[in-house]
1. Between the range 300-318 and the range 140-155, what is the separation of their alpha carbon centroids in Å?
2. What does the helix-only formula give at 222 nm for the chain: each DSSP H stretch with n ≥ 4 adding -39500 (n - 2.57), the total divided by the residues, and the result rounded to the nearest 500 deg cm²/dmol?
3. Obtain the nm distance between the two label points defined at HIS534 and SER115 by a simple spin-label model: each point lies 7 Å from its Cα along the Cα-to-C-beta direction.
4. Within the chain, what percent of beta bridges assigned by DSSP are antiparallel, to the nearest 5?
5. If a/c stays under 1.5 just call it rounded; otherwise compare a/b with b/c (prolate if a/b is bigger, oblate if not). Do that for the chain, with a ≥ b ≥ c from the square roots of the Cα gyration tensor eigenvalues.
6. Going by the alpha-carbon gyration tensor, a ≥ b ≥ c the square roots of its eigenvalues, is the range 196-246 rounded (a/c under 1.5) or, if a/c is not under 1.5, prolate (a/b greater than b/c) versus oblate?
7. From the square roots a ≥ b ≥ c of the eigenvalues of the alpha-carbon gyration tensor of the range 1-61, which class results: rounded (a/c under 1.5), prolate (a/b over b/c), or oblate?
8. Between ASP463 and LEU395, how high is the FRET efficiency from 1/(1 + (r/R0)^6) when r is the Cβ-Cβ distance and R₀ = 22 Å? Nearest 0.05.
Amino acid sequence: MGETVLLSIVIVIALGIFSQWVAWRIQWPSIVIMSIAGLLMGPIFGIINPEQALGELYTPIISLAVAIILFEGSASLDIREVKGISKSVFRIVTFGAFLAWIAGSFAAHFIAGLSLEISFIIGGLFVVTGPTVIIPLLRQAKLKPRTAAVLKWEGIIVDPAGPLLALFAYEVIKVFSKDSIHFGYLSNFLFGALITGVVGYTIGILLSVMVSRGRIPDYLHSPMILSFVLLCFSISEVIMHETGMLAVTVMGLTMGHTKKYVSSIKKVGHFVEDISVLLTSTVFILLTASLPREIIGEIFTLPIIAFVLVMLFIVRPLSIWISTIGTELTVKEKTLISWIAPRGIVALTVSGYFASLLLDDGYQDASILTALTFALVFITVCAHGFSLGPLSKKLGLANTEPPGILIVGSNPFSIGLAEHCQKLGIPVLIVDHSFENLRLARERNIDTYYGEILSDDTRFEIDLTPYESILVMTDEGAYNALVYQSYVDEFGFNHTFALLVNENQTSHQQKVPSSMKASLLFGEGFETLNKKMHEGHTFSTIDSDVEQKKIVKKEELNVVGIPLFIRKKDRSITFITLRKKVELDKGDQIVVLSIYNEENSHAIPTLEES
C-alpha cells in the first residue's frame with residue numbers, strides 16, 4: 001500500500017513538471033497540457049487514481065498546496081502595478097464580482113437546471129479565476145503591464161472571495177430552510193470571516209517584524225514563512241471552513257507590502273515562487289487524474305455545454321463592461337479582459353466540498369456540480385489559453401516587437417552595440433545610474449533610462465516586457481555580478497549575461513560567482529572592447545552561408561573580429577559566451593566587432609564554412 005502511494009505521488013510530480021516542459025517546448029498553455037496529461041493518466045487509461053491512493057490525505061494536500069500558491073500570488077502584488085488603473089481593479093473585484101455572481105447564478109438555474117439555492121452557491125464559486133491559471137497564461141502571452149496587472153490582481157483578490165460568496169449563500173439558505181437556525185447565524189459567519197482576516201494580517205505583521213529585526217536567521221527565512229503560511233491556513237480553517245484562503249491572501253498582501261522595505265523578505269519570494277510552480281502543476285494533475293470516468297461523459301450534455309457558453313459569452317463580458325463604465329480602461333483592454341476568465345484549482349476543489357455538503361442536505365441535483373465545474377474549468381482553460389496570445393496581439397495589447405535587449409551600463413561599446421541593434425530592428429534600452437554616461441546614447445537617439453537598476457522603483461518604472469535578454473556591461477565587476485544575480489530569476493539563466501572587466505584577470509580576482517561563468521559575454525573584457533571602439537572598430541552583420549545546421553564553438557565561426565551574437569531566422573538572439581557553443585543555421589546572421597567599416601561592403605569579412 002505504501003509503495004502505491006509513493007509511486008502515485010512521484011508520477012504526479014514528474015508528470016506535472018514534464019507537462020510544464022512540454023508546454024514550454026511547443027508553446028502551448030501549460031494548464032492545457034497538464035489537464036490533458038491528468039485525464040490520460042486517470043479517467044481515460046486508468047493508470048493512476050491519486051484520490052484513491054492518497055485516501056484521507058488527498059484533500060488536505062490539495063488545500064495546503066492551494067494555500068501556498070495563493071500566498072505566493074498575493075505576496076507578489078505591488079500597489080504600484082495598478083498605478084493609473086486602480087479604479088478599474090477596484091470596480092472589477094467588487095461590483096464586477098457581484099454582477100458575475102448574480103448573472104452566473106441565474107445561468108446555473110435557468111440553463112443548467114439547478115435549483116435556485118444551489119445556483120447561488122455555485123454562482124458565487126464561479127466568480128474565481130485565480131493565480132494558478134492566470135499567472136501561467138500571462139507569463140506566456142507577454143501582455144502589456146496595464147492589462148496584465150488587472151487580470152493578475154483580479155485573479156488573486158477574487159480567488160478567496162469566490163468560496164466565501166459560496167459559503168455565504170449556503171449559510172443564507174440554511175437560515176431560510178431550517179427553522180432551528182436564525183439570522184444571528186449569519187453574524188457568526190461574518191464575524192468568523194473577519195477573525196480569519198485578522199489572523200492573516202497579524203501573522204504577516206509578526207513575521208515581517210521578526211525578519212526585519214533579525215529575529216530569524218537567514219537560513220530559516222523561507223522555511224519559517226512557509227510553515228507560518230500553512231499554520232495560518234489551518235488555524236483559519238478550524239475557525240470557519242473555507243476561510244483559510246482569505247487568511248493566507250491577507251497574509252501575503254501584508255508581507256508583500258513589507259517586502260518593499262525589507263530586502264531579505266524579497267529573497268523568500270523566489271523560493272516560494274519555485275514551490276508555487278511545482279505545486280500548481282502537481283495539484284492540477286492530482287485533480288484531473290482523480291476524476292471518475294463517468295464525469296467525462298456528463299460534461300458533454302446539452303445543459304452543461306450551454307451553461308459554459310453562457311458563462312463565456314454573456315456573464316463574463318456583461319460583468320466587466322458594466323463594472324468598468326467610466327474607468328481608465330480602453331475599449332480594447334475591456335474587450336480582452338471581458339474574454340479572459342479561466343477557472344482553475346480553487347473552483348475544482350471547493351465545488352467538490354459543496355457537492356458532498358449539499359447531497360447530505362438532500363439536494364440531489366448537486367450531483368452534477370463536479371461535472372459542471374470541470375466542464376467550465378477545462379473549456380475556459382483551453383479557450384482562453386489558446387486565444388489570449390492571438391487576441392492580445394490583434395488588439396495591440398501584447399508585445400509584438402522582436403525580442404529586445406536591456407543593457408546595463410552606458411559606455412562606448414554598449415552604445416555602439418545598441419545603435420547597431422537598432423539598425424537591425426532589435427529594441428534596446430540602456431540603463432545607467434550616471435546621467436553623464438547616458439549623454440552620448442541620448443544624442444544617438446537610443447532609448448535610455450536614468451536610474452539605479454537594482455532599485456525596486458526602477459523595476460516598476462521600466463516596462464521589461466519587450467526585453468528578452470539583459471546584458472550587464474559596466475566597469476565594475478562586483479556590481480555586474482550583483483545585477484546579474486538580481487535579475488537572473490526574472491530573465492532566466494539563458495537570457496542573463498555579464499561582462500568581465502578585464503579578461504586578463506581570473507574570474508575569481510574579479511569576484512565573479514562560479515554560477516555565472518557560463519554567462520560571461522564574448523570572451524573579452526570591458527577594457528578591451530572599449531579600447532577597440534576607440535581604435536575605430538565597428539559592428540558588422542554577416543550572413544551565415546552554412547548549408548546545414550551546425551553546433552560550433554566561438555573559435556570555429558571563422559570570422560574576422562570578435563563575434564558577439566547570432567540572430568536566428570526567427571529573430572531570436574544567441575549571445576556568444578566564454579563556454580557556450582552556438583547553433584548555426586543557413587540564413588542566420590552573425591554580428592561581429594571588427595576593424596572593418598560596415599559601409600565598405602568589399603571589406604566585410606565572410607564566413608567560411610567549418
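1. 24 Å
2. Working: 24 runs with 344 residues, N = 610.
Only helices count here, giving -18500 deg cm²/dmol.
3. That separation, rounded to one decimal, is 8.6 nm.
4. On the way: 19 of 36 bridges.
Counting DSSP beta bridges with both partners in the chain, the antiparallel share is about 55 percent.
5. Values: a/c = 2.13, a/b = 1.93, b/c = 1.10.
Prolate shape, in that a/c is at least 1.5 and a/b is the bigger ratio.
6. Working: a/c = 3.98, a/b = 2.06, b/c = 1.93.
Prolate is the answer for the range 196-246, as a/c is 1.5 or above and a/b outweighs b/c.
7. Details: a/c = 2.30, a/b = 2.04, b/c = 1.12.
Prolate is the answer for the range 1-61, as a/c is 1.5 or above and a/b outweighs b/c.
8. Numbers: r = 17 Å, r/R0 = 0.78.
The computed FRET efficiency comes out at 0.80.
Where a number appears in this text, it was derived from the coordinates with a stated rule and is not lab data. Treat the numbers as computed from the prediction; the structure is a model and nothing was measured. Every residue, glycine as well, gets a Cβ built from its backbone with ideal geometry; the counts of neighbours run over all protein chains shown.
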